[in-house]
Amino acid sequence: MPVTRISIREGKSPEYKQALMDEIYEAMRETVAIKDADRFMAIAEHGAHEFAYGPFLGIDRGDDLAQIQVFWAPGKTVAAKLAMYEKIVERLGINPGVRPEDVLISVVETAAENWSFGNGETQFYKPRERQDASLTTGDRAG
């Protein structure tokens, strides 16, 4: 159930942007068991005055930097996340040709009750009946 946001400098072709989304999605499917059609992604393009980066940790980044944020519920292992980082870098290096130094990835984990995929429902969180009732009526225990 990831939602992925990709920030890049403006000026890339539609094919380049599509390759970013496709390769990131496939890397996640290969490493962290993302299901078919569980694909919610967006790219934001920024002008030079809206996109900042530096050589943090001695990494020589350039204008092709892709800042990738993946939001999902907790539960993925550290090993799976590390494999995902490596696979994303590998796949983006091949298509569309992004240098490893220009791939920044962060994962943000939020509890299942913070997700609604539509219809105003929390598809992956079902509160206990008592919790549900007290939320509806505003009752407090004690």
When both residues are 6+ apart or on different chains and their Cβ atoms are under 7 Å apart, which pairs have a first residue that lies in the range 5-31 and is farther than 15 Å from LEU104 by Cα, and a second that is of a type outside the set (A, V, I, L, M, F, W, C) and not in a loop (DSSP other than H, G, I, E, B)?
GLU10/GLU45; GLU10/HIS46; GLU26/ARG91; GLU30/LYS87; THR31/LYS87
Of all residues in the range 69-92, how many are of a type in the set (A, V, I, L, M, F, W, C) and free of Cβ contacts under 8 Å to residues at least 12 places away in the same chain?
3
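A short reminder: the numbers here are calculations on the coordinates, not readings from a lab. Keep in mind that what you see is a predicted model, and the values were worked out from it rather than measured. Quick reminder, even Gly has a Cβ in these numbers, built from the backbone with ideal geometry, and neighbours come from all protein chains shown.
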